[in-house]
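Undergrad: Sharing a structure with you now.
The values are calculated or read from the model by the stated rules, or taken from the named source; none is laboratory data. Keep in mind that this is a model prediction, so the values were computed, not measured. As a convention, Cβ positions derive from the backbone with ideal geometry for all residues, glycine included, and neighbour counts pool all protein chains shown.
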Amino acid sequence: MPKTIFVTIAGRTNAGKSSLLNAIVGEKIASVSSKPQTTRTRITGIRNIDDAQLVFFDTPGLHKPVNKLSEHMLNTVKESVSDIDAVMFVMDCTKKINDPELKLLRSLNDQKMPVILVINKIDLLRNKDDLAAVIADVTSKVDFKAVVPISVTENNGVDIVIEELLSMAEESVHFFPDDMITDQPEKVLAGEMIREKLLELLSDEVPHGIAVAVEEMSERDDKDILDISAVIYCERESHKGIIIGKGGAMLKKASTAARLELEDFFQIKVNLRCWVKVKEDWRNREGLIRSFGLSEN
Ligand SMILES: Nc1nc2c(ncn2[C@@H]2O[C@H](COP(=O)(O)OP(=O)(O)OP(=O)(O)O)[C@@H](O)[C@H]2O)c(=O)[nH]1
Ligand SMILES: [Mg+2]
């Protein structure tokens, strides 16, 4: 009999949620960056193991809302923690659990939602006693079904998380085809790969005000080449200059890095063309947030 489990991955921004999703699924389906607020929407990832299907919803990280886009991101988290079987709450072991994290955890306890506490980045801890202190602190405040210390970057403990989830999967038909790893359309995946490169290369507010829309994505009839055209939207004319860079250097660097990743992911030569356009203050404009696919309804 097939088994299924639906799991939402939640936690503070930058804790490593999307990194963990990618590690479990075995493909890079969610953008990862050292900057906070990388993930903006709910991303579905699927992993099949024997007769079990594990379905994950990666969510935006908890953060202080600063604009309308933030509010949508935080609503996405709220909507993603009901009608599921379990929550994997990812925390960064080097950061003390904060009030918004505790608030979410306590409401999950109130709903009797099983929560697996995944304590990530243990590679950054200097001694084991620190880990024991982190565990003692959090478990004194919230009830967990299981506590699993891991390091995604060192691939340490991810298999234990999977084992834990497998033990919780219940008999049910599978909801997704066995060869499907994500629900994200290819154009969205491609846009996210481009945005990820810009997040890593740019600083301050510039990368946070970027949205990427892939307008064309088609394989040529006569050659094995995938043509991708993308528009990079930013919030100010001055940001446009920074994104393009001196003599186009920044845009070239980002698009080359994105192209290499796109070629690796789609296993085909890619011809990537990017344009930069300004949409003033779009993160506070509902219509634009919706048109970029960043609103939950
Ligand atoms: N040292 C260390 N860094 C990690 C580990 N896991 C993830 N990271 C890094 O942490 C940063 C944030 O990772 P993400 O996966 O984007 O974090 P996130 O929780 O999805 O962040 P948001 O989408 O902003 O909520 C990246 O620079 C990762 O490379 C880990 O086990 N150890
Ligand atoms: Mg993320």
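Undergrad: Go through the residues of the stretch 66-84 one by one and say whether even a single one is under 10 Å from the mean Cα position of the chain (by Cα), within 15 Å of ligand 2 (Cβ to nearest atom) and at pLDDT 95 or above.
TA: no
Undergrad: Here's a check for you: in the stretch 4-44, which residue that is in a strand (DSSP E or B) and near ligand 2 (Cβ under 10 Å from one of its atoms) is nearest to the chain's Cα centre (by Cα)?
TA: Taking the stretch 4-44 first, the residues in a strand (DSSP E or B) are 4-12, 43-44.
From what's left, near ligand 2 (Cβ under 10 Å from one of its atoms): 9, 11, 43.
Working: Ile9: 9, Gly11: 11, Ile43: 7 Å.
Ranking the qualifying residues of the stretch 4-44, first place goes to Ile43.
Undergrad: Here is a further query. Of everything in the stretch 45-95, what is assigned to a loop (DSSP other than H, G, I, E, B), within 13 Å of ligand 1 (Cβ to nearest atom) and closer than 9 Å to Thr8 by Cα? Give them in sequence order.
TA: Scanning the stretch 45-95 gives a single hit, Thr59.
Undergrad: Turning to a different aspect of this structure: Restricting to the stretch 84-116, name every residue that is free of Cβ contacts under 8 Å to residues at least 24 places away in the same chain and under 21 Å from Ser172 (Cβ atoms).
TA: Selection gives Lys112 alone.
Undergrad: Please state which of the following conditions Asn156 fails to meet, knowing it meets all the rest: (1) of a type outside the set (Asp, Glu); (2) within 9 Å of ligand 1 (Cβ to nearest atom); (3) touching a Ser or Thr at 6+ places or on another chain (Cβ under 8 Å).
TA: Failing condition for Asn156: (3).
Undergrad: While we're on this one: So if I check each of Ile244, Ile150, Ile162, which one is among the β-branched types (Val, Ile, Thr), in contact with a helix residue (DSSP H, G or I) (Cβ under 9 Å, 6 or more places away or on another chain) and under 30 Å from Glu286 (Cα atoms)?
TA: Numbers: Ile150 fails: under 30 Å from Glu286 (Cα atoms); Ile162 fails: under 30 Å from Glu286 (Cα atoms).
Exactly one residue qualifies, and that residue is Ile244.
So that you can scan it fast, the table gives a plain yes or no per residue for (1) closer than 17 Å to Val66 by Cβ; (2) among the β-branched types (Val, Ile, Thr):
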residue: Glu216; (1), (2): no, no
residue: Ile242; (1), (2): no, yes
residue: Phe266; (1), (2): no, no
residue: Glu286; (1), (2): yes, no
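Undergrad: Still on this model: I'm checking my understanding of the structure. Among residues of the stretch 196-239 that are in contact (Cβ under 8 Å) with a residue 40 or more places away in the chain and among the β-branched types (Val, Ile, Thr), which one is farthest from Trp282 (Cα to Cα)?
TA: Result: Ile225.
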